[in-house]
Structure formats: C-alpha cells, structure tokens
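Below is one structure, written out as structure tokens; comments come after it.
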Number of protein chains: 2
Amino acid sequence: MVVEVISVGTELLLGNIVNTNAQYLAEKCAQLGLPLYYQTVVGDNHDRLLDAVKTGLNRADVLILTGGLGPTEDDITKEVCAEAMGFLLVEDAHTRELIEEYFKNGIYKEIPDNNWKQAIVPEGATVLDNHNGTAPGLILEKDGKTAVLLPGPPNELYPLFEEQVYPKLQKLRPETIFSQMVRVCGIGESQVEDKLIDMIDGQTNPTIAPYAKTGEVHLRITAAAKDEAEARELIKPVVKEIKKRLGNAVYSVKDETLEMAVVRLLEKYGLTVTTAESCTGGMLAARLVNVPGVSEVFREGFITYSNKAKKKILDVNKATLRKYGAVSKEVAKEMATGGVFATDADVCVAITGLAGPDGATEEKPVGLVYIACYMKDKVTVEKYQFKGNRNKIREQSVVKALDLLRRSILENYSK
Amino acid sequence: MVVEVISVGTELLLGNIVNTNAQYLAEKCAQLGLPLYYQTVVGDNHDRLLDAVKTGLNRADVLILTGGLGPTEDDITKEVCAEAMGFLLVEDAHTRELIEEYFKNGIYKEIPDNNWKQAIVPEGATVLDNHNGTAPGLILEKDGKTAVLLPGPPNELYPLFEEQVYPKLQKLRPETIFSQMVRVCGIGESQVEDKLIDMIDGQTNPTIAPYAKTGEVHLRITAAAKDEAEARELIKPVVKEIKKRLGNAVYSVKDETLEMAVVRLLEKYGLTVTTAESCTGGMLAARLVNVPGVSEVFREGFITYSNKAKKKILDVNKATLRKYGAVSKEVAKEMATGGVFATDADVCVAITGLAGPDGATEEKPVGLVYIACYMKDKVTVEKYQFKGNRNKIREQSVVKALDLLRRSILENYSK
C-alpha cells in the first residue's frame, strides 16, 4: 500500500513558502507505517498537474494532494483529479449549506460568487467537511486507486487529515501500527543520539526516529503488531529505557506540548505563575495561553520592553540597570522577583536578552539572553548564547524559559 | 530554459526534516526568472532516483539535485546521474587534495576510508569546490541538458550555489525578472480577486499572483524586461491601479510585514502604543516586538487573563465585568482606556475574546472577540466572530488588532 504526496501551488514553485505540508504528511505516513517513495510539487497548471496526477496514480495506491481547492480560477486540483480518474462534477447540497453557514456569522456581508465553486464535487466522492474553511476535502476511489484531496492552509489541512483521513488510512494497513512520542527538552539532538545510539542502530520493532524541533527533540517509537495493545507492550520497555537514560530531559511521553506539560505541573502542585518579558515581548505568555484552561495557573503577565517599564512595573532598581545594563543576570533576577511581588503569583519567569540585529557590544553579542525563575524565595538565573535571527533567538528563549520553569518545579516540589 | 529541482534523501520522505532547500532553490530560480515546473523528493534508492533523474532530464533543460553526495553507501546521487547521462567515473586529484586539506585541521585524527569516494567524479564534469564540507558540487553537461549536483546541508549548499551556480544560471536568461509585493489586510482573498479579476485575467507582463495568509492577502506583481529599471516601470502603473481599487486595505507596497507597517506609522506620527490582552495572551505584543527598534513606539504591555488582573492593572470596573462579562464591548472599551491610563502611551489596543474550546454560551460562542483601540480620547470597538481552533482564533484576533490600529492612525492622523 504505497502512498505518494503531491503539493499543488505556484507559490511553492516560486519559493514563497516552505512545503511544511509535505513534511507533515510524510511524518503521518511514517507514523502509519505506509511507504512514501515520491513527493512532487507542481503548480496550478492544468497539463502539468494532470501529468503529475497520472504518474502518481501509476506509481502509488494512495495519492494525497494538498492545495488548489480554493475559490479562485487558479484552483484546479479537484477538476484535474476528476479528469484523470474519470469523474463527473456535480454540486453537493450539503457543502453549499456549509459554505452559507461559514459566511453567515462571518465578517463578510456577502458571499463572493466564486465561493460556490467549492460546492462542486466529483460525483460519488466522499466529501470531508472542513470546519476551518470553505473548501471541503475529497476522497476519490476508482479501480483500486485512491486520491485524497485536501486544502492547502495548514489550519484546515491538519484537523481534516487527523479527524477524517488518518483513521481511513489506518485501516489500509494489515498490521496495526502504533507509535508513541517521547518528548525531550534541554539537550541537543546529537547528545540524544549519542545516548541512544545502540538503541537506534539496533532497532527493528519498535523503531526509534528522532525529530529535531526548536529547542526540543521528539523521539517517535513505532511498533507494528496485531493490535494496539500488543504494540503498546512492545513500546513500553523502550520508553522506560529512554527515560532511564535521558532522565528529567524527558518532559512528556504523551501527546502534549512543552507548555501543556508545564501547565500540568503547575496545576499538580497548585502553583500560579506570572511572566516578565523583555526581548520575547509576550511570546512566553502566549505559549502558556496556548493551553486551554490555563486561567487556573496563569492570570496576568507583563511585557516590560523599556527600562522605564522594568522599573515602574517590576521595581527593577535604577542602579542595577545602570551598573549591569538591561541584559544582565542581575536585571533578570530583579525582574523575576518584581513579577512575584507585583502580583499574587507563586512563581515568576523573566526573560531579558539581545535579540538583535542591532544593539550588540563586544561583551554583549546578539543572542545573549538571561532567563530567571523566582520560586520559593529563591531566584535561579541561566545565561544563554543563542544563534540565529531575531525570531529564532526569541523562540529559543521561550523554550528555555518554559524548561527552566519545568525543571524548577521538579526540583522544588517533586519528591 | 526550464529548471527542475530534485531533493534526494530518505529523511525528507520520512518527514524528519522540512525541505527548505527546495524553497531556497525555487526562490533563486524565481529571482533569475527561470521557470521551475516541478520539484521532486525521492529517497536514496537507485531505481527510483534513476527514474526521477530521467524524467527530470526529459522535462527540463537544467536539473538541480541536492543531497546524496556524502561519503556513505546510501549516497548515490552522483553515481545515478552519471549512469542516466552516460558518464564514466574517475578520481579527481584536486578534490582528493581538498579532502586531505579539509581533514588536516579538523577534529578527526584519520580520514575515514569512505571519504575518498567523494573524490570520484563523472569524467568531464565541472567540479565545484566545497569549502564547507568534503563533497564537491558537480555540473554534468551533455546533449543540451545540464545536471547540477549540490550537497544537501544548507551551510554547504547556499555558498556553493550563490558563488558558483547562480552566475552560471544568470547567463542562461536573456531578460531580467523583477517582482514587487502589494500587501493587503482587512479583506479576504476572494474579495480581492473579485475587485482585480479583470487585471488578473488580462495579465501577461507584469503578472499578478495572490497569496492568502492568515487575515492577509499578498499580491506579487512580476515583470520581465531588459533590466530592473524597465521592469519597475512596467510594475508601477499596476501597483497604482491596485491601490486605487483596494484603497486603505493595501498596507504596504514594500517588503514589510503588517507589524512593520504599523510600527512605521506609529513612528511617523510620533505615537507610542501599549497593549492589553486577554485571550491572545501576549501574541499582539510579540508581533510588535518582531520589529527591530520597536522600543521607540512600544515600551510595555499587559496580559490580563483573569478578571482580577483586568480590574487591578487596567482599572476595569467590577460592575462592568459583572453586568456584561469579560468578553464584551464594554470590557474591551475599558481595557483600552485603562491601558492608556496605566502607562504614558498615546494609544492602547485591547483584545478580549473566547478562544475556546471551552467556555462558550448561547450568546457568546467560541470565536467571539472584541478588539478596542483607544486613540485621541476616543475608543473604537470592533466585534468579530472568528472560525477555527484556539490558535487560529487568536492569530486572526492579532491581525485584526494590528489592522484596527493601522486604520485608526490613518483616520486620525493622515490628512
């Protein structure tokens, strides 16, 4: 059961955007244990798309296409797939209703005419409702070949794939493939590999695949077995061994983000946290607020970008600012302390750094960031020298801040 | 002169990494005005790679391959291309010297045996010295077809391409290609197309290509001419016409983000802004802080997630909260007003909304967001009903908040 991925969009051929959809789908196929031998990118051009679809259907059993389902004239994926596989196009009443529904409470007064194009579907296709946009997903099946057509915007693609396509693909596998993620933070990819090299090299079933993320490493443990229970049994000792080797660097063995793991810990120990951010400008708080129901542990946060704001809101000492500068261990410490005293939170995480591109000096290069955590009347400060552009430096700072908070809770409360 | 890109690597097919190389090369080709119709990803597999290379050479004049040039047995790109194009493999003495040189001052004591494989090149190929690694780049030319083989690691690929391949490709193009971006906010992709449909349909040179982003539409205007100055002249009237049709919805005709355009306006009119965020939890402030040098116009911001924080920090009235609820026009208004009075900023943008997934009521569904802007002793409040998941709702809120700020400045100050 071979899969092939075709990404449709001139913006990919022009290099306007990175093809993260192909990576997403490739990762999902790996998770499902379905072999993927080719990925193709092709533009919104009838002849070339038709050629790519025909070639794909020749080589693979399941063709997954993303993009080109929108309302504009450029969008021709549906039409071309129907042509390649011999389907007629008809209007789908249900999809038409959904489009009306979508626009009813929306920000537009009228539904632009070209939107109705999205209610036209290949006759007999399975229509996948899209709750985050107007273009439905489609599954076309004929002569033992399947084409899955999905919208290009990731916020539409991901939920549609996970809820409506993944379970369908899962059934195509004779064996059950089950995988579990072990999420690691605080050590780099090569360090993780060093510590697990014998396990990775010797793997057959389960397999271990590392994925490097900003400041994190995710390890996917995948087992094939006759059912999920058996697969879980195969995975269990591997996860246990990884946890033993990597210790507290493993922040989760569930499907949860770093901020979720942190919020769970705060909840567990009944702690509230506040944030005091300079260079990250709200990114740390925004990560915490990603977690639904965070209000129990996070109530307020501060962005103190100027020195004046650091003084006024966080009571950072004028003399400290003058003597050490805003990007210093001392100021980070006072920011974290000030955050706790300005609120009724138990804990405060503070970030001050130089995200660049300007403002560097010989002693303080771009990428220098101090992260402080006030907990139980004690402040821990960590110094980092990050690489990359302004945004990359800020993203890494936030991951390290979340991880410092996590490690501080474990050290102070978990016994 | 058609180009095609083939990315070789099983790690791409497994979704371990995102194919940023393909984007890089696509953008370079667009810059060079060289048409790129297909990108292919294929693994380190002899038969499938051979098939991809043959197909590529059939469709295109220039084939650019990345990856698979390393020292391991998996690396077969060079061998397969030589086979497809009929080249013998011979050792290149110069490359052998470079490999010796590379290892001399390196971290390894001995040169691993498999490295000599990298000194083997197709006979008659142009060898491109790689100063950041041991695998040289190669250019194979035969029967009017060209294959450019480049290493996969970006730090080796980029300099090699820029210094040794780009100038060569530039010579293949008779015309200069130049493009300009027109960035639009506040109206949807289909509305933009409705208003520009005759221009888009009638396009030849320049061409107009729309790209949908969260809450934004970007229009790329591309012209081909004998030089950049002439291309700019062709683009100028098109940009003017688009601005005439879309009015203030055009926020920039430069290469700048929405937050950059907003910061530029704040700077222009000497205004400072503060932020008061509930559901977005710092995302609005973080967007502003994306802009280097924002400290002139943004000094501090608040995340008031709980009602108590709204009262304490922003002086939101207890009775208002009780009567209308935290997600209301009235509270948004008081948050924006309170933000200005809690700081010395001229302007405050406030966001309060229901990002879900929990907490919805009949009158207040998930996605309901109020955005307020205090400016010149007046508060404007806008009500939105967004679609999508928690993150999407928050992202859209931030775009609308930035746009409200932008439009408020234009209305109040630009005359």
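Taking 0.36 nm per residue of separation and subtracting the Cα-Cα distance, full extension of the segment from A:ASP129 to A:LYS213 would add 27.2 nm. What's the FRET efficiency of A:GLU175 with A:LYS142 using the Cβ-Cβ distance as r and R₀ = 35 Å, to the nearest 0.05? Using R0 = 35 Å, I get an efficiency of 0.85. Near B:GLY356: Cβ cut-off under 13 Å, other residues only, Lys/Arg at +1 and Asp/Glu at -1. The net charge is +4.
Legend: distances between Cα atoms for A:LYS312/B:LYS213; B:LYS312/B:LYS378; A:LYS323/A:LYS400; A:LYS308/B:LYS392; A:LYS329/B:LYS400; A:LYS378/A:LYS415; pairs beyond 28 Å are A:LYS312/B:LYS213; A:LYS308/B:LYS392; A:LYS329/B:LYS400. A point 7 Å from Cα along Cα→Cβ stands in for A:GLY124, and the other copies hold the same point at 5.2 nm, listed in rising order. Here the 3J(HN,Hα) profile of the stretch A:78-86, calculated from phi with Karplus coefficients 6.51, -1.76 and 1.60 at θ = phi - 60°, is 4, 4, 5, 5, 4, 5, 4, 9, x Hz, Gly and Pro shown as x. Between A:MET1 and B:GLU27, the FRET efficiency from the beta-carbon distance, with R0 = 30 Å, is close to 0.30. Relative to the longest principal axis of the Cα atoms of chain B, the long axis of helix B:258-268 lies at roughly 60 degrees.
Each of B:GLY33, B:ALA345, B:VAL192 was placed along the dipole of the protein assembly as shown (beta-carbon charges, centred on the mean Cα), and the one lying farthest toward the positive end is B:ALA345. Full extension of the chain segment joining A:GLU101 with A:ASP194 gains 28.1 nm, where the gain is 0.36 nm per residue of separation less the Cα-Cα distance.
What separates the Cα centres of the stretch A:268-328 and the stretch B:249-310 is a distance of 17 Å. Each copy carries B:GLU11; placing its label point 7 Å along the C-beta direction from Cα gives inter-copy distances of 2.7 nm, listed from smallest up. Amide H contacts under 5 Å for B:ASP92: B:ILE120, B:VAL121, restricted to partners 5 or more places along the chain or on a different chain, H placed in the peptide plane at 1.01 Å from N. Under the simplified labelling scheme, the A:LYS244-A:GLU296 pair shows an inter-label distance of 3.4 nm, with each label point 7 Å from Cα along Cα→Cβ.
Taking the simple approach of a point 7 Å from Cα along Cα-to-Cβ for both A:THR361 and B:LYS415, what is their distance in nm? Computed distance between label sites A:THR361 and B:LYS415 equals 4.5 nm. Applying 0.36 nm per residue to the separation of A:THR257 and A:GLU230 and subtracting their alpha-carbon distance, the gain on full extension is 7.1 nm.
In deg cm²/dmol, rounded to 500, what helix-only [θ] at 222 nm does chain A give when every DSSP H run of at least 4 residues adds -39500 (n - 2.57) and the total is split over its residues? Could you put the intermediate results ahead of the total?
Values: 15 runs with 167 residues, N = 415.
My calculation for chain A gives -12000 deg cm²/dmol from helical runs alone.
Put simply, the amide H of A:ALA276, placed in the peptide plane, has neighbours under 5 Å in A:PHE302, A:VAL349, A:ALA350, A:ILE351, leaving out anything fewer than 5 places away on its chain. Across the stretch B:90-95, computed HN-Hα scalar couplings (Karplus, 6.51 cos²θ - 1.76 cosθ + 1.60, θ = phi - 60°) run 9, 7, 9, 4, 4, 5 Hz from first to last residue, x flagging Gly and Pro.
A simple rule links phi to the HN-Hα coupling: the Karplus curve 6.51 cos²θ - 1.76 cosθ + 1.60 with θ = phi - 60°, which for the stretch B:270-286 gives x, 9, 10, 10, 10, 10, 10, 10, 9, 4, 7, x, x, 5, 5, 4, 4 Hz, with x for Gly and Pro. Relative contact order, whole percent, for chain A stands at 10, derived from Cα pairs under 8 Å and 6 or more residues apart. Shortest first, B:THR207 label-point distances to identical copies amount to 3.8 nm, with the label point at 7 Å from Cα along Cα→Cβ.
FYI, it's all coordinate maths here, none of it is from the lab. Not measured: the values here are computed from a predicted model. Note that each Cβ is placed from the backbone with ideal geometry, even for glycine, and that neighbours are counted across all protein chains shown.
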